[in-house]
Structures are given as structure tokens and as C-alpha cells.
1. Once the Cβ-Cβ distance between Gln85 and Ala58 is put in as r, and R0 is 25 Å, what FRET efficiency do you end up with, to the nearest 0.05?
2. Please work out how much accessible surface Ile51 shows to a 1.4 Å probe, ignoring ligands, DNA and RNA, in Å² rounded to 10.
3. How would Val38, Val80, Val13 line up by accessible area, probe 1.4 Å, largest first?
4. Lys67 to Phe24: extension gain in nm, 0.36 nm per residue of separation minus the Cα-Cα distance?
5. On full extension of the chain, what length is gained from Arg98 through Ile51, given 0.36 nm per residue of separation minus the C-alpha to C-alpha distance?
6. Which whole-Hz couplings ³J(HN,Hα) result when phi for each residue of segment 90-97 is put into the Karplus expression 6.51 cos²θ - 1.76 cosθ + 1.60, θ = phi - 60°, listed in order with x for Gly and Pro?
7. Determine the relative contact order of segment 18-111: mean sequence separation of Cα pairs under 8 Å and six or more apart, normalised by residue count, in whole percent.
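The values are calculated or read from the model by the stated rules, or taken from the named source; none is laboratory data. All values derive from a computational prediction rather than experimental measurement. FYI the Cβ positions are ideal-geometry reconstructions off the backbone, even for glycines, and counts take in every protein chain you see. Ligands, DNA and RNA are stripped out before the accessible areas are found, and what is left, the full protein with its side chains, is counted by its heavy atoms. Shrake-Rupley method; radii C 1.70, N 1.55, O 1.52, S 1.80 Å.
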Amino acid sequence: MEYNINKGIGKSVEFKGLKSQYLFIFAGGLLGVFVVFVVLYMAGVDQWVCIGFGVTAASALVWFTFKLNAEYGEHGLMKVMARRQHPRYLINRRTPRRLFARGGRKEAADA
């Protein structure tokens, strides 16, 4: 007997070249486009306007998702988001004397 070995253990999920978080962006975006399409149709907007919006928005979403995947790679988008949350510089308003003082006594202002 021959058994196929799953060589994808430990690798990230991939679908048509999209990897990891881009799949969630892609699927969530398509779901959002569909919901907006349905709301527009139920609101009485012309059928062809709804179809045009759906096709245009879905095409833009597909293009944008594949562009992000090619530009940032598998983990690059998470790195960009983390870089945005990191402060550019730290502010320290303590006097230099208090910065370099030994910890022998504890002042009430520190607490």
C-alpha cells in the first residue's frame, strides 16, 4: 500500500497564491460586498446599478488583496500594523538627577 504524506504540516494556509491573513481579508471583503449588494437591491436601487457595483467592488477587492499579498508577503502586513502601533519616540520628564539616583530611598512622588 502507498500512503500519501501531508507535506503541508506547519505551513500556512494558501489558496490561489493568497496566504494567511489575506484569505480573511479576501473572504470578509467579498462577504461585505455581497451584503451591500443585497441591501442596495432591497432598497430598490436599479438591478444593473447593483450588478455594476458588485462586479466593480469585487474586482477592486481581488486586485487590492493580491497586491497586498505580493507587496508585503505572508507576515509583512502584520509587521506594518505593529510598526504603526510602536511609538516613534519616548518622553521622559524626570530630571537627570532622579534618573541616575540610587534606589536607597523611595520618594512619595514615585508611588
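1. Given R0 = 25 Å and the Cβ-Cβ separation, E is 0.25.
2. We get 60 Å² for Ile51.
3. Highest to lowest solvent-accessible surface, that is Val13, Val38, Val80.
4. 14.0 nm
5. Working it through step by step, the gained length comes to 10.2 nm.
6. 9, 10, 10, 9, 7, 6, x, 4
7. Here the relative contact order equals 33 percent.
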